[in-house]
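**Student:** Structure below; questions to follow.
The values are calculated or read from the model by the stated rules, or taken from the named source; none is laboratory data. Predicted, not measured: the structure shown is a model, and the values here were computed from it. Glycine also receives a Cβ, built like all others from the backbone with ideal geometry; neighbour counts cover every protein chain displayed.
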Amino acid sequence: MDFGLKGKNALVTGSTKGLGLAIVKILAQEGANVIVSGRNETQAKQEAAAVREMYGVKAVGIPADLGVCGEADRLFEESLAALGNLDILVNNAGIWPTSYVREMEPEDFESTIYMNLEVPFLLSKRMVNHLVENEKKGKIIQIVSQAAFHGSTTGHAHYAASKGGLVTFMISLAREVASLGINVNAVAPGMMATPMTKDALDKKGDYYNSRIPIGRVAEPEEVAYSVAFLASDKADYLTGITIDATGGMLMR
């Protein structure tokens, strides 16, 4: 199926590894030009070079530590400079710290909310204004989590709170901009086999697998295809929705 992504320009945050890198590769495979972004400059540029060589699209590595104030704006400006314009924004970057509420430091809660909720707000705002100013249609996809709906039992209440906020932010933004030709949606992964979850899966893999009706954690590519679909012209009539990519954990 042709997803209509050839020649489109996409910014995917947190895309040097894990789900973000899988998203970048699938978008590039469909012909989209991509920004590869992460905290490590060498890794961002190496992965971008690999994408260019493999898929023949324009891929630019731009390092950004989005947990630092001002970095989201810089990343957006440099992405525009590199590609000329943007059609797709995927807010994938996030952190997953572990601490039970009774022991949680306020600064850990605040940094999680900033990274997982405020940064997507900042980039979504820039994206909407860019699209409106240039009279363009576009797609914004937020990466949320099953924890946004179920909460956390494993010391990730701040993560669950940030993703819950991102879901309702996504719905609100979708309502605001639907008439402008901008689709805003979300994908909610469950547990995936990524560098971020490696330690947890090594320690409690059986526990996480037991919570998933399909019986196993996801590979990043299995979730990334849902993102590519929402970025495509095949999803033009969808806005304000969250795709359950959890192996049956949500079943909403």
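**Student:** It is to be established whether one or more residues within the range 84-107 are surrounded by fewer than 22 Cβ atoms within 10 Å (Cβ to Cβ), farther than 22 Å from L19 by Cα and in contact with a Phe, Trp or Tyr (Cβ under 8 Å, 6 or more places away or on another chain).
**Tutor:** no
**Student:** Might you let me know whether the range 55-62 holds any residue that is surrounded by fewer than 18 Cβ atoms within 10 Å (Cβ to Cβ) and touching a residue at least 40 places away in the same chain (Cβ under 8 Å)?
**Tutor:** The answer is no, given that none of the residues of the range 55-62 is surrounded by fewer than 18 Cβ atoms within 10 Å (Cβ to Cβ) and touching a residue at least 40 places away in the same chain (Cβ under 8 Å).
**Student:** On to the next question. Given the criteria at pLDDT 95 or above, more than 18 Å from K125 (Cα to Cα) and either surrounded by 21 or more Cβ atoms within 10 Å (Cβ to Cβ) or under 19 Å from the mean Cα position of the chain (by Cα) (or both), does F149 qualify?
**Tutor:** Yes, satisfied.
For every residue, the table says whether it meets (1) of a type in the set (K, R); (2) on the phi > 0 side of the Ramachandran plot.
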| site | (1), (2) |
| --- | --- |
| A48 | no, no |
| E53 | no, no |
| G56 | no, yes |
| R74 | yes, no |
| E78 | no, no |
| N85 | no, no |
| I95 | no, no |
| E105 | no, no |
| E118 | no, no |
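**Student:** Same structure, new question: Would you say L86 is assigned to a loop (DSSP other than H, G, I, E, B) and of a type in the set (A, V, I, L, M, F, W, C)?
**Tutor:** yes
**Student:** Here's another thing I want to ask about it. Quick check on I35: is it in a helix (DSSP H, G or I) and under 21 Å from S232 (Cα atoms)?
**Tutor:** No: the conditions fail for I35.
**Student:** From the set of residues in the range 64-73 that are under 23 Å from G18 (Cα atoms) and over 16 Å from the mean Cα position of the chain (by Cα), which is surrounded by the fewest Cβ atoms within 10 Å (Cβ to Cβ)?
**Tutor:** Per the stated criteria, the residue is V68.
**Student:** Quick test for you: out of K6, K45, pick the one residue that is surrounded by fewer than 24 Cβ atoms within 10 Å (Cβ to Cβ), part of a helix (DSSP H, G or I) and in contact (Cβ under 8 Å) with a residue 12 or more places away in the chain.
**Tutor:** Result of the check over K6, K45: K45.
**Student:** Another one. Within the range 149-183, can you find the residues that are in a helix (DSSP H, G or I) and within 15 Å of P97 (Cα to Cα)?
**Tutor:** A157, H158, Y159, A160, A161, S162, K163
**Student:** Give the range 218-243 a look and list any residue that's over 18 Å from the mean Cα position of the chain (by Cα) and surrounded by 15 or more Cβ atoms within 10 Å (Cβ to Cβ), or say none.
**Tutor:** K234
**Student:** Restricting to the range 12-32, give me the number of residues that are in a loop (DSSP other than H, G, I, E, B), on the phi > 0 side of the Ramachandran plot and under 13 Å from the mean Cα position of the chain (by Cα).
**Tutor:** The number of residues fulfilling the criteria is 1.
**Student:** Here is a list: L80, L27, L75. Which entry is in contact (Cβ under 8 Å) with a residue 40 or more places away in the chain, more than 24 Å from V187 (Cβ to Cβ) and in contact with a Leu (Cβ under 8 Å, 6 or more places away or on another chain)?
**Tutor:** Of L80, L27, L75, the one residue that is in contact (Cβ under 8 Å) with a residue 40 or more places away in the chain, more than 24 Å from V187 (Cβ to Cβ) and in contact with a Leu (Cβ under 8 Å, 6 or more places away or on another chain) is L80.
**Student:** If A200 satisfies every condition in (1) over 20 Å from A72 (Cβ atoms); (2) without any contact (Cβ under 8 Å) to a residue 12 or more places away in the chain; (3) small (G, A, S); (4) not in a loop (DSSP other than H, G, I, E, B) but one, which is the exception?
**Tutor:** (2)
**Student:** Only one residue in P97, P106 is in contact with a Ser or Thr (Cβ under 7 Å, 6 or more places away or on another chain) and more than 24 Å from S226 (Cα to Cα). Which one?
**Tutor:** Among P97, P106, only P97 is in contact with a Ser or Thr (Cβ under 7 Å, 6 or more places away or on another chain) and more than 24 Å from S226 (Cα to Cα).
**Student:** For residues that are closer than 16 Å to D87 by Cα and touching an Asp or Glu at 6+ places or on another chain (Cβ under 9 Å), scanning just the range 183-201, find the one that is surrounded by the most Cβ atoms within 10 Å (Cβ to Cβ).
**Tutor:** Ranking the candidates gives V184 first.
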